[in-house]
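Down below is the structure, laid out as structure tokens.
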């Protein structure tokens with residue numbers, strides 16, 4: 001029994017893991033980031049579910065051609081991260097990149113709703129995916145930067161993106177039912193107006209991204225202030241000048257001629 005007690009006493013104690021609990025996120029910060037996520041995915045929910053019926057039934061485009069349009073958009077989505085990664089946070093910050101991307105994307109979606117040429121639709125689909133796809137990752141990185149604890153608070157913000165997709169889709173469906181009733185041809189014709197509403201959501205998202213908050217990192221109270229470098233005293237005699245540093249420093253600056261030898 002004594003041997004057991006001695007072995008227990010000699011065993012090293014387990015390390016105690018301690019960490020500082022990050023502060024709670026500000027309510028105003030959570031609201032602004034949630035609105036940004038809501039509008040980010042509301043843009044897609046406004047026109048992407050209506051893409052096939054609008055182009056097929058209203059424009060008369062074949063299903064295989066619509067598949068080519070989607071494939072060209074996927075190609076632009078594959079290329080876009082390489083381009084956006086070289087631009088964002090290198091030439092201008094993420095907030096400005098998001099705002100400019102959503103403004104250009106709003107113009108492209110409006111042109112897709114009004115043009116009838118197949119080649120123009122392919123070009124617009126490619127460039128829209130090239131511009132819009134990087135904003136999905138950039139909104140996440142922007143939320144990660146501002147949130148003090150991303151593991152705890154990011155889910156509360158990201159869920160509003162899904163809510164935005166669902167809410168806008170249901171709202172446009174109810175608006176089409178109110179405007180056209182149960183007449184399918186009138187509903188399909190009204191989907192063009194739903195396409196035209198996507199630029200509105202894009203402009204709203206651009207304004208929200210450009211006004212995103214900036215987090216200021218507080219200086220540590222325990223860290224001392226950086227010491228100011230003092231300029232060394234200037235030598236007044238040749239002997240003092242010879243003893244003020246290594247040889248390379250003495251060679252770089254010659255003593256004045258009026259000094260006495």
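Looking at 25, 13, can you tell me which residue is outside any helix (DSSP H, G or I), at pLDDT below 85 and closer than 30 Å to residue 168 by Cβ?
Details: 13 fails: closer than 30 Å to residue 168 by Cβ.
Criteria check complete, one pass: 25.
Between a first residue in the range 149-163 that is farther than 10 Å from residue 30 by Cβ and a second residue that is outside any helix (DSSP H, G or I), which pairs have beta carbons less than 7 Å apart while being 6 or more apart in sequence or on different chains?
That search, which allows pairs on different chains as well, returns 149/22; 154/147.
Looking for something more than 18 Å from residue 45 (Cβ to Cβ), surrounded by 15 or more Cβ atoms within 10 Å (Cβ to Cβ) and within 16 Å of the chain's Cα centre (by Cα) - is there at least one such residue anywhere in the range 156-171?
No, there is no match, as no residue in the range 156-171 is more than 18 Å from residue 45 (Cβ to Cβ), surrounded by 15 or more Cβ atoms within 10 Å (Cβ to Cβ) and within 16 Å of the chain's Cα centre (by Cα).
The values are calculated or read from the model by the stated rules, or taken from the named source; none is laboratory data. This is a predicted model, so every value here is computed, not measured. Here the Cβ is made from the backbone with ideal geometry for all residues, glycine too, and neighbour counts use every protein chain on show.
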